Structure formats: C-alpha cells, structure tokens
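Visitor: Below is a structure I'd like to ask you about.
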Amino acid sequence: MNPRQIAWLQALRALFAIEAASLALILPRIPDIRDALALTPSALGFALLGLPLGSLVGFLVAPRVVQRIGSARGAWLSVAAAKLAFVPVAVAGTLPLLFAALILVGLAIAHTEIALNAQASHIERQSRRRVMSGSHGFWSLGSIGGVVTGGLCAQAGLPVALQAGLTAVLLVPLTIWLGRSLLDGPRPRPPRLSVILPSRALLPLCLLPVGVMAIEGIYMDWSALFMTDALRVDPFAASLGYLGFSIAMAVGRLVGDRVTVRLGPLRHAVASACLAGVGTAVFATAGGLAWAVTGASLAGLGAASLYPIALSLAGERNGPAEENIAAVSFTAFLLLLAAPAAFGLAVDVLDWRGAFLAAAGLALPTLALALCLGNETAHPRGADSGGKGSN
C-alpha cells in the first residue's frame with residue numbers, strides 16, 4: 001500500500017474503533033439501566049429490540065444518504081451521531097423512552113455500517129489488498145477499551161448519564177478531525193428510497209453470518225447480566241466476560257484477512273462457527289469467573305470473521321458497494337430483529353444457563369450453510385493472492 005492509502009486506512013480504522021467504544025461503554029451499564037427502571041428480562045429484551053428496529057429503518061435510507069454525500073462524509077457524520085444518540089439512552093426514565101432512544105441509536109448505527117464498510121471496500125479496490133477483517137479488528141479493539149472503561153465506571157458508581165455526556169464531549173471532535181483523512185470514494189446515482197433486498201447471488205452471503213451474529217449480539221446485551229445474576233460477581237468482574245469475547249474477536253479479526261486468504265472463506269467460516277458454538281456452551285455451563293471468560297473468549301474468536309467475510313465478498317460483486325453492503329446488512333439485521341426479545345423470554349423460561357445453551361445452537365445454521373457453500377471468490381478483484389495481509 002502506498003502512503004496515501006495507508007493514511008486512508010488508518011483514519012478508517014480509528015473511526016471503527018471510536019464507533020465501537022461508544023457502544024461498548026454502555027454495555028457494562030445495562031444492569032444499572034435495568035435496575036433503575038426495574039425491568040424484567042423480557043421487558044429489557046423488548047427495549048433492546050429498539051436498536052435493530054432502528055437499524056432496519058436506517059438501512060432503507062442509509063445507502064441513498066451515503067451515496068449522495070459520499071462515504072467519507074457519511075462515515076464521520078454517522079459515527080458522531082451514534083455517540084450523541086447514546087445520551088438519550090442514558091437518561092431514559094421509562095421503558096418506552098428507553099425503547100425510543102435505542103431506535104435513535106439504531107438509525108445512526110445503520111449509517112455507520114454502510115459508510116464505514118463502503119470505505120473499507122473502496123480501499124480494498126484501490127489497494128488490491130484485503131482490509132475488511134482488519135478494519136473490523138479495530139472495531140473490536142475499540143470495544144475492548146469501551147467495555148473496560150464502562151466496567152470501571154460501573155464499579156466506581158459513576159452515573160450513566162454523566163458517562164454518556166463525557167463520551168460525546170471527548171470523542172465527537174476527534175471523529176470530525178479523523179473524517180478529513182478518509183478516501184472520498186465514487187458517488188454513483190443514489191438509489192430510490194426502498195427496501196434493499198438481496199439478489200439470488202447475494203442471499204447466501206446475507207445468511208452466512210446471521211447465527212453467529214446473533215451470538216455476538218447476545219454477548220453484547222446479556223453477558224454482563226448473566227455474570228451478575230448467575231455467577232454473582234461484582235460489577236467490574238461482570239464486564240470481563242464481554243471483555244474476553246472482545247479481545248478474542250479483535251485478535252481473530254486482526255489476523256482474519258490473512259487466514260481467509262490462506263484457508264479460503266469456506267474453511268474459515270466452518271472453523272468460526274464451531275468455535276462460536278463450543279465457546280458459548282462453555283460460557284453457559286461455567287461454574288466460575290475463569291471458565292466463563294474462557295468460554296466467552298472462544299466464542300469471540302469464532303464470531304470474529306464471518307461478518308467481515310460476507311461484507312468483503314459483497315463489496316466485490318457488480319454494482320455499487322454501498323448497495324451490496326446494505327443488502328447484506330439489511331437482511332442480517334432483519335433476521336436478527338427478534339433476537340433481543342427472544343433471549344429475554346428464553347431467560348424467563350429456561351433460566352440463564354439454559355438460555356445461553358440454546359444460544360450456542362445458533363451456530364449450527366451458519367455451520368450448515370458454510371458446509372453447503374462452495375469456496376467462492378476467495379480474493380477480491382485484483383487482490384494479492386500470495387497470503388500477504390494488510391494489517
């Protein structure tokens with residue numbers, strides 16, 4: 001990669017990290033939000049449904065917006081908006097307000113999904129190197145920093161609203177500054193405002209990561225509550241499950257481009273699904289903190305690369321990268337719409353351990369689909385096929 005391409009990539013990866021940190025900061029505070037509103041697991045699951053619902057609505061307009069203003073401007077604007085959107089979540093005083101606030105977060109996140117991943121796809125085409133998984137690795141690094149900071153804030157008893165306000169004040173200016181260094185990619189004619197349904201060629205890529213993405217979402221939303229309620233650990237220790245998950249995911253993504261080039265998408269997807277399922281089963285049956293963190297870490301390693309693989313392959317297809325990526329993201333989020341509420345109901349019916357054991361089974365559809373797929377398009381157009389990664 002030449003110096004200009006490296007500058008684009010560094011700015012993009014920093015924005016991936018900042019976006020993730022904003023989300024991860026709030027995750028260890030979910031028990032505080034639940035307790036402040038006196039929510040049952042099923043009621044909390046309903047509230048968490050607001051985020052994917054907002055994302056689905058956002059995916060209807062995000063490709064049009066991003067193509068009109070450019071993926072560079074769309075990236076920094078959407079990341080800044082996502083950080084600001086967490087302030088209403090922190091101050092919501094009722095279940096309906098929390099639900100509405102999470103819809104706003106979902107709207108912002110939909111735009112970050114399209115803009116940031118379109119940037120990564122444009123850089124892949126310009127540099128002829130895989131960078132998608134490594135970029136998502138920086139998302140995981142940001143998530144690690146966010147969950148550690150959020151856990152420390154929870155342990156110290158810092159008000160959730162103050163934490164959210166400080167996050168916005170500190171990170172929004174940095175986001176705007178980084179946006180100046182992004183690649184201003186091609187701006188094709190914006191599509192009409194419509195549901196972005198996948199073509200037959202894209203449908204397998206849309207379905208491939210869904211089961212493991214559901215596992216990832218369950219860890220994000222529910223692992224701290226499992227650690228608090230089932231293992232009876234203190235607030236900071238409750239954040240360690242998702243921290244282990246995030247560290248392992250970061251490692252998996254940072255080396256994921258090299259692994260995908262060497263193994264091919266099929267073998268990489270099969271191994272990933274197996275690790276995600278086994279790790280979640282270990283987490284569900286853990287008798288103490290160490291085993292819980294071990295299981296979460298295995299699951300994080302398994303969840304690392306499936307979504308980046310699907311997005312990278314989608315970006316290589318004919319047509320605007322924004323539209324192809326939006327089709328994959330929209331379909332995945334549509335199928336995940338019921339996951340938060342369904343898991344909350346599963347906890348009410350099966351208890352914490354039974355619900356996480358059921359979640360481990362979500363890796364099976366991904367495994368089955370990966371085994372049925374051919375090893376298609378192992379490299380992006382013109383990509384370096386000699387196994388040299390871009391990280």
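Visitor: List the relative contact order of segment 220-330 as a percent without decimals, with contacts defined as Cα pairs under 8 Å and 6+ residues apart. Provide the component values of the computation, followed by the final result.
Guide: Values: 141 pairs, mean separation 30.5, N = 111.
In percent, rounded to a whole number, it is 27.
Visitor: Grab the DSSP H runs of the chain that are 4 residues or longer, score each as -39,500 (n - 2.57), total them, divide by all residues and round the 222 nm result to the nearest 500 deg cm²/dmol.
Guide: Values: 19 runs with 305 residues, N = 391.
Value at 222 nm, helices only: -26000 deg cm²/dmol.
Visitor: Same structure, new question: Whole number in Å², please: accessible area per residue of the chain, 1.4 Å probe, ligands, DNA and RNA not counted. The partial results should precede the final answer.
Guide: On the way: 14730 Å² over 391 residues.
That works out to 38 Å² for each residue.
Visitor: Which of Leu95, Thr112, Gly70 sits closest to the plus end of the dipole of segment 24-112, meaning its Cα is farthest towards the positive end, when Lys and Arg get +1 and Asp and Glu get -1 on the C-beta?
Guide: Final value for the positive-end residue is Gly70.
Visitor: Name the residue farthest towards the positive end of the dipole of the chain from the options Leu275, Gly302, Leu205, assuming +1 on Cβ of Lys and Arg, -1 on Cβ of Asp and Glu, about the Cα centre.
Guide: So the residue we want is Leu205.
Visitor: Follow-up. May I ask you to derive the relative contact order of the chain, considering only C-alpha pairs under 8 Å and at least 6 residues apart, and to give it as an integer percent?
Guide: Values: 778 pairs, mean separation 105.0, N = 391.
This gives 27 percent for the chain.
Visitor: Can you send over the carbon and sulfur percentage of the accessible area for the chain, probe radius 1.4 Å, protein chains only?
Guide: On the way: 9870 of 14730 Å².
Exposed carbon and sulfur together represent 67 percent of the surface.
Visitor: Using a 1.4 angstrom probe on the protein heavy atoms only, could you order Ile114, Ile6, Ile69 from most to least accessible area? Don't skip to the end; give the middle numbers.
Guide: Numbers: Ile114 0, Ile6 70, Ile69 40 Å².
Reading off the accessible areas and sorting them downward yields Ile6, Ile69, Ile114.
Visitor: Classify segment 1-83 from the C-alpha gyration tensor, please: rounded if a/c falls under 1.5, else prolate or oblate depending on whether a/b exceeds b/c. Please report the intermediate quantities before stating the final value.
Guide: Details: a/c = 3.96, a/b = 1.84, b/c = 2.15.
Judged from the Cα gyration tensor, segment 1-83 comes out oblate (a/c at least 1.5, b/c at or above a/b).
Visitor: If R0 is 35 Å, what FRET efficiency do you get for Ala290 and Leu170 from their C-beta distance, rounded to 0.05?
Guide: 0.55
Visitor: Using per-residue counts of other Cβ atoms within 10 Å, averaged over each peptide, order 145-158, 22-35 from highest down.
Guide: On the way: 145-158: 19.6, 22-35: 22.6.
Per-residue Cβ counts within 10 Å, averaged per peptide and sorted highest first, yield 22-35, 145-158.
Visitor: Sort segment 240-293 into rounded, prolate or oblate with this rule: let a ≥ b ≥ c be the square roots of the eigenvalues of the Cα gyration tensor; rounded if a/c is under 1.5, and if a/c is not under 1.5, prolate when a/b is larger than b/c, oblate otherwise. Before the final figure, lay out each step's value.
Guide: On the way: a/c = 4.65, a/b = 1.86, b/c = 2.50.
Judged from the Cα gyration tensor, segment 240-293 comes out oblate (a/c at least 1.5, b/c at or above a/b).
The values are calculated or read from the model by the stated rules, or taken from the named source; none is laboratory data. Note that the structure is a prediction, hence the values are computed from the model and not measured. Cβ sites come from the backbone with ideal geometry, for glycine too, and all protein chains shown count toward neighbours. Each accessible area value is taken on the protein alone, full model and side chains, heavy atoms only, with ligands, DNA and RNA left out. Shrake-Rupley method; radii C 1.70, N 1.55, O 1.52, S 1.80 Å.
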